[in-house]
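Here the structure comes first, spelled out in structure tokens, and everything after it is commentary.
Quick note: the coordinates plus some simple rules give every number you see, no bench work behind them. Note that the structure is predicted; figures quoted are calculated from it, not measured. In this analysis, Cβ positions are derived from the backbone assuming ideal geometry, glycine residues included, and neighbour counts consider all displayed protein chains.
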């Protein structure tokens with residue numbers, strides 16, 4: 001009996017142990033499958049499912065005629081999962097030639113202590129296909145898009161560029177980032193234990209919204225001509241650089257704008273950042289005599305002078321501690337006001353400004369928007385610098401009257417010239433013409449009427465005066481074969497950052513055409529040309545670009561041709 005009792009005790013103990021173990025397992029199963037089911041289900045789903053962004057198509061940038069200036073193309077990024085690449089040296093050797101990268105750089109990336117590394121971003125589909133054909137474990141492709149600028153350097157400083165992640169970094173790409181970029185979508189995809197996506201089980205949870213196309217005011221033909229002539233003028237004059245723009249004086253539409261030297265936007269990461277600046281908008285300079293237009297505008301509007309008013313030109317004027325002189329001989333000592341502007345007499349202009357007075361001069365500076373941004377739709381616009389109210393000295397008025405001691409951008413100068421050309425209105429310069437949304441609906445840019453700055457009669461009188469600049473004054477080299485025009489030359493000393501001025505000049509010409517019924521204004525500036533005078537260095541560029549633009553737009557030639565090239569007086 002004792003043996004049987006012992007055996008029963010052992011069986012009972014074993015049964016108890018099995019019961020306890022079964023109970024524990026059952027409790028654990030119930031605990032995991034019922035009480036903790038949601039938590040562990042979420043963990044399993046998190047390991048199996050991943051969320052990924054779906055990139056929208058970035059909108060195109062088109063010129064006014066619909067020509068593509070910027071477009072996004074299909075591209076691929078080559079990546080690696082380093083721990084899955086078994087023979088890193090062999091893989092690096094095979095990839096080096098295709099990716100055009102040093103073998104050592106690829107091998108270094110493959111040796112990184114990371115689960116994912118990019119080897120090369122945004123290669124062409126052809127290169128991606130060749131990489132895929134190698135079938136190297138751990139090397140994969142990621143579909144992306146790459147911004148492409150088919151016109152290369154055309155309008156390069158206007159367009160700007162995007163970064164590796166397709167985000168606008170400069171120019172119109174930055175200005176209209178919100179419109180162009182669209183909205184990212186989201187997708188849920190299943191991955192295998194190695195983290196690779198399982199084909200065919202992707203679920204889109206949020207559809208991406210493609211970016212809108214924008215059509216801008218730039219005319220590619222006029223833009224090309226401006227760039228061609230700027231390059232030729234800089235090279236022939238020995239200047240460091242040149243900037244120019246052409247604008248519709250009635251609407252403020254910018255048809256062309258550039259600074260030479262240019263750059264290929266497709267290669268922007270390798271370009272000197274200084275070349276990417278749109279200097280017509282972002283850089284201010286002391287304009288010199290070209291700003292005598294503002295003095296003339298104020299004096300004619302306030303009837304301080306009339307075109308035929310005679311002004312005596314002395315040998316010099318002593319004002320405060322400074323003596324002002326003309327830079328070149330005048331034809332005689334008594335000049336009409338028209339001749340004062342036509343021959344760019346500093347002394348005649350200063351005497352006119354003194355009769356006008358500093359308060360009125362300051363008022364017209366404000367009326368024309370100098371010292372504040374024009375509000376053009378472009379990032380980084382400079383406001384320029386004007387003398388601070390209440391701090392004018394004895395020499396401020398005469399200095400400002402001849403365009404020194406005040407700084408403006410070429411775009412601001414074009415706006416001032418537009419006031420003269422369009423009958424007295426201050427226009428809003430702009431690049432955007434229309435937005436073409438993904439659903440192909442079109443949103444037109446609203447053009448608001450400009451503010452009246454001077455009367456139509458004053459504008460007409462000033463157009464006559466500036467026409468004489470080209471007919472017989474300092475701007476005869478701005479004359480064109482088919483059209484009459486008006487404008488003003490400028491030769492300004494460059495300010496020295498340490499104070500005062502240095503022996504370096506900016507030559508400029510700002511003008512409008514046709515003189516009888518102006519349609520366009522243009523501004524040309526050359527930085528430190530060997531021929532320092534605007535009438536010699538900048539006016540010929542204006543002539544060639546403006547005549548091309550007018551013919552391209554099919555503007556009727558002038559019937560009564562007045563402008564000639566029979567004499568040139570530098571200034």
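General observations
- Its DSSP H runs of at least 4 residues, each contributing -39,500 (n - 2.57), put the calculated 222 nm mean residue ellipticity of the chain at -10000 deg cm²/dmol, to the nearest 500.
- Sequence-separation-based contact order of the chain, relative, with Cα cut under 8 Å and 6+ spacing, percent: 14
- The chain: angle of helix 88-99 to the longest principal axis, Cα-based, in degrees nearest 10: 30
- Cα long-axis angle, helix 358-367 against the chain (0 to 90 degrees, to the nearest 10): 40
- According to the calculation over all Cα-Cα pairs in the stretch 220-552, the P(r) per 10 Å bin from zero is 6, 27, 37, 22, 6, 2, 0 %.
- Mean Cβ neighbour count within 10 Å, used as a protection proxy, ranking 444-455, 236-247, 376-387 highest first: 236-247, 376-387, 444-455
- Additional length obtainable on full extension of the chain from residue 121 to residue 270, 0.36 nm per residue less Cα span: 52.1 nm
- Peptides 522-532, 13-23, 125-135 ranked from most to least packed by the mean count of surrounding Cβ atoms within 10 Å: 522-532, 125-135, 13-23.
- Stretched out straight at 0.36 nm per residue, the stretch from residue 26 to residue 363 would grow longer than its current Cα-Cα span by 112.2 nm.
- Label assignment, volume of the Cα convex hull per residue in Å³ derived from the structure, set (i) 149; (ii) 242; (iii) 211: (ii)
- Neighbour-count ranking [beta-carbon atoms within 10 angstrom, fewest first] of 206, 318: 318, 206
- Residue 13/residue 86 FRET efficiency (R0 56 Å; Cβ-Cβ; nearest 0.05): 0.55
- Shape of the stretch 385-432, Cα gyration tensor, a/c cut at 1.5: prolate
- Once the Cα atoms are used to define both axes, helix 410-421 deviates from the longest principal axis of the chain by about 50 degrees.
- Nearest-0.05 FRET efficiency for residue 457 and residue 334, computed from C-beta distance (R0 35 Å): 0.85
- At an R0 of 60 angstrom, the distance between the Cβ atoms of residue 133 and residue 443 translates into a FRET efficiency of 0.85.
- Once the Cα-Cα distance is subtracted from the 0.36 nm per residue extended length, the residue 393 to residue 93 segment shows a gain of 100.8 nm.
- Backbone N within the stretch 340-366 under 18 Å of label point (7 Å from residue 493 Cα along the Cβ vector): 345-350
- Highest-first arrangement of 212-218, 488-494, where packing means the average Cβ count within 10 Å: 488-494, 212-218
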